[in-house]
Amino acid sequence: MRSFVHALPKVELHVHLVGSAGLDTVLELARRHPEAGVPADRAELARFYAFRDFDHFLKVYWAVQSMLKGRADIHTLVVGLARELARQNVRYAEVTVTPYNHLTDGMAGDDLLAGLESGRAAASALGVDLAWCFDIPGEKGLVAGRETLAFARSERPAGLVSFGLGGPEEGVGRAQFAPFFDAAREAGLHSVPHAGETTGPETIWSALRDLRAERIGHGTSCHEDPRLMEHLALKGIPLEVCPTSNVRTRQVASIEAHPVRRMLDAGVVVTLNTDDPPFFGATLEGEYLAVATALGLGRADVARLAENAVLASFLPNDRKTSLLEEIAGVLASAG
C-alpha cells in the first residue's frame, strides 16, 4: 500500500503556507534572522518543533511567522513546501496564504507577491503546480476581511483561485463575512471557508448558506447532523478533511475514531489533506496510509480518495482529465 500511495499522483487542497514550514526551511530562516530567537541548531530546533499541545503549536507557528520579513523569506517558504510535495508525488496544491498577517507584520505587499511568484516558478520546475487561496484570519474581525478582499482584488496574483476564512471558529460567526465573499465570488474567486473544525454543524450550514461555500475546510462535525451529511452528498460539496490535524488538536481521539468513515458511507466527497503538516507530524502520504489502515481500505478505495481531490480542485478540466487517467493507470498496474 505504501508504494501504491506514493505512485498515485496526488492533489493537496488544504495546507497553510506558514504551517508548511519544515525543519530545513525553519533552520534557514532562523540563521537568516537570529533576532527572532528561534533555535538555529538542528537538534535544538527539532526539540522546539516537536508537537506538545495546541498552545505550543501556536507558539511555534507565530515564531515562524515572525521570521517572514521579505520576499526572500516567502520564496524560501514556498520552495520548501514544493520540495516536500514533490518528494511525495504531489502534483498540485492549493495553498492557503493569509496576506493580512504578513502586511500587518510590516511586510510590503510587493514583497509578499514577489516571493509567491518566484516560489511558484521554482515549484513548477520541481514538477509541482501551486495555486493560492487568500484567507481572512477571522479572529481579527471585519477589518481583516476588508483588507484581504482589497488586496486580493487589487493585486490578483497569478495562481490565485479562491477566497477563504480561517482562524478560531468559536465566537467568529461566518455570516458577518458574507459581503467579502460575495465580492470575491464576483471577482471570480471560489469560496472555501473553514467550518465545523472546532464547532458544530450549524457553522457548516452557515458557511454554505451565507458564504456559498463550494468546498468546506475540515467539516469534521458534519457527522453530527444526518440532514447536513445528506445535503453535502446530494450537492457534491467536498470536504477538506485533515485527520492527523484533528487528532493533534484533540477534535477527535484517534484516526480510528475519526468520522471520515461515516462521511464516506454517507456519500460525502472526502479529500485528504495535511493542514499544517510539519507542525503536526503529518504528510499527505501518511494521511492516505493512516486512513487506509484505520478503515481497512483497498487500493480502489484509496485511488478514489485521490480522484476526489482532483475533481474537487480548481484545476482546468484538461489537467483534471490527465491526472484522473494517470490515477486509473496506477490502479490498473497494481492489479
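Numbers at a glance
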item: Any chance residue 95 is crowded, with 20+ Cβ neighbours inside 10 Å, touching a Pro at 6+ places or on another chain (Cβ under 7 Å) and closer than 30 Å to residue 329 by Cβ; result: no
item: Failed item, numbered, when residue 76 is tested on (1) more than 19 Å from the chain's Cα centre (by Cα); (2) part of a helix (DSSP H, G or I); result: (1)
item: Subset of the stretch 29-59 (residues that are assigned to a helix (DSSP H, G or I), at pLDDT 90 or above and touching a helix residue (DSSP H, G or I) at 6+ places or on another chain (Cβ under 8 Å)); result: 29, 30, 32, 36, 42, 45, 46, 48
item: Single condition residue 203 does not satisfy, out of (1) within 20 Å of residue 288 (Cβ to Cβ); (2) surrounded by 20 or more Cβ atoms within 10 Å (Cβ to Cβ); (3) β-branched (Val, Ile, Thr); result: (1)
item: Count - residues of the stretch 80-103 that are in a helix (DSSP H, G or I) and in contact (Cβ under 8 Å) with a residue 12 or more places away in the chain; result: 12
item: Residue tally, condition under 22 Å from residue 54 (Cβ atoms), buried (at least 24 other Cβ atoms within 10 Å of the Cβ) and either modelled with pLDDT under 95 or small (Gly, Ala, Ser) (or both), over the stretch 167-200; result: 2
item: Single match in 77, 113 (criterion: at pLDDT 95 or above, of a type in the set (A, V, I, L, M, F, W, C) and either in contact with a Pro (Cβ under 8 Å, 6 or more places away or on another chain) or surrounded by fewer than 19 Cβ atoms within 10 Å (Cβ to Cβ) (or both)); result: 113
item: All helices (runs of 4 or more DSSP H) inside the stretch 109-216 with 2 or more residues being touching a Phe, Trp or Tyr at 6+ places or on another chain (Cβ under 7 Å); result: 109-125, 141-155, 178-186
item: Residues (within 20 Å of the chain's Cα centre (by Cα) and free of Cβ contacts under 8 Å to residues at least 60 places away in the same chain) located in the stretch 273-307; result: 282, 286, 287, 290, 291, 304, 305, 307
item: Yes/no for residue 275 being charged (D, E, K, R), farther than 16 Å from residue 91 by Cα, touching a Gly at 6+ places or on another chain (Cβ under 7 Å) and modelled with pLDDT of 95 or more; result: yes
item: Considering residues of the stretch 5-38 that are more than 20 Å from residue 112 (Cβ to Cβ) and of a type in the set (Asp, Glu) only, the residue nearest to the chain's Cα centre (by Cα); result: 12
item: Search result, residues across the stretch 294-309 that are touching a strand residue (DSSP E or B) at 6+ places or on another chain (Cβ under 8 Å) and of a type outside the set (S, T, N, Q); result: 305, 306, 309
item: Exclusive hit being touching a residue at least 60 places away in the same chain (Cβ under 8 Å) and touching a helix residue (DSSP H, G or I) at 6+ places or on another chain (Cβ under 8 Å), set 215, 146; result: 215
item: Cross-chain or 6+ apart pairs with Cβ under 7 Å, the stretch 1-19 first and more than 16 Å from residue 333 (Cβ to Cβ) and touching a residue at least 24 places away in the same chain (Cβ under 8 Å), then among the acidic types (Asp, Glu) and part of a loop (DSSP other than H, G, I, E, B); result: 16/276; 19/276
item: Residue in the stretch 15-28 that is surrounded by the fewest Cβ atoms within 10 Å (Cβ to Cβ), counting only those that are assigned to a helix (DSSP H, G or I) and either in contact with a Ser or Thr (Cβ under 8 Å, 6 or more places away or on another chain) or not acidic (Asp, Glu) (or both); result: 23
item: Among the candidates 81, 58, residue that is within 30 Å of residue 157 (Cα to Cα) and in contact with a Ser or Thr (Cβ under 6 Å, 6 or more places away or on another chain); result: 81
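The values are calculated or read from the model by the stated rules, or taken from the named source; none is laboratory data. As the structure is a prediction and not an experimental result, all values here were calculated from the model. Reconstructed Cβ throughout: ideal geometry from the backbone, glycine too, with neighbour counts over all protein chains shown.
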